[in-house]
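First up is the structure itself, then whatever we jot down about it.
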Amino acid sequence: YAISDMMRISLAQYVIVFLVTVVSAFFVGQDAAYTALMAGLAYAVPTSVVFGAAEIFDGDSPSAVAVLGGEFVKILVVVLLLGLMVGYYENLHWPAFIFTIIAVANSYFIVLFKDIKDRYPWQQKPL
């Protein structure tokens with residue numbers, strides 16, 4: 001089955017959340033692991049919802065308006081969730097919080113690892 005770039009980004013975000021949570025639990029402790037898990041999911045879940053909606057409603061290539069509108073709503077939801085987390089979670093571990101957000105937000109670069117022949121068909125060698 002073919003996997004889209006948006007699905008690849010979403011899956012990479014969940015893998016990164018899992019890895020950062022496990023590393024935080026192992027090296028720092030339970031509070032850091034909970035912080036990493038909540039911060040990572042506060043970013044990954046809205047991203048998955050936006051990507052899923054874009055693929056369901058717009059098919060293979062969503063329009064620019066749909067992408068920008070979805071990203072705007074996603075950013076608002078992420079900021080709201082992270083703000084609620086900072087305000088209500090008393091045992092917040094700031095280094096784990098910041099590291100997780102940076103790691104999950106930079107998972108967009110996973111698309112760069114896609115095979116180059118799929119991205120640039122003119123560079124394929126003739127049979």
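Taken one residue at a time, the phi angles of segment 23-36 give Karplus couplings (6.51, -1.76, 1.60, θ = phi - 60°) of 5, 5, 5, 6, 9, 10, x, 5, 5, 5, 5, 5, 4, 4 Hz. Gly and Pro are set to x. Full extension of the chain between residue 98 and residue 15 yields a length gain of 28.2 nm, computed as 0.36 nm times the residue separation minus the alpha carbon distance. One chain, two ends: residue 90 and residue 55. Fully extended at 0.36 nm per residue, the span grows by 8.8 nm beyond their Cα-Cα distance. A simple packing score, the average count of other Cβ atoms within 10 Å per residue, orders the peptides 63-72, 77-86, 35-44, 14-23 as 35-44, 14-23, 77-86, 63-72, with the highest score first.
No value in this document is a laboratory result; all are computed from the given coordinates. Please read these numbers as outputs of a predicted model, since none were measured by experiment. Positions of Cβ are generated from backbone atoms using ideal geometry, with glycine treated the same way; all protein chains shown enter the neighbour counts.
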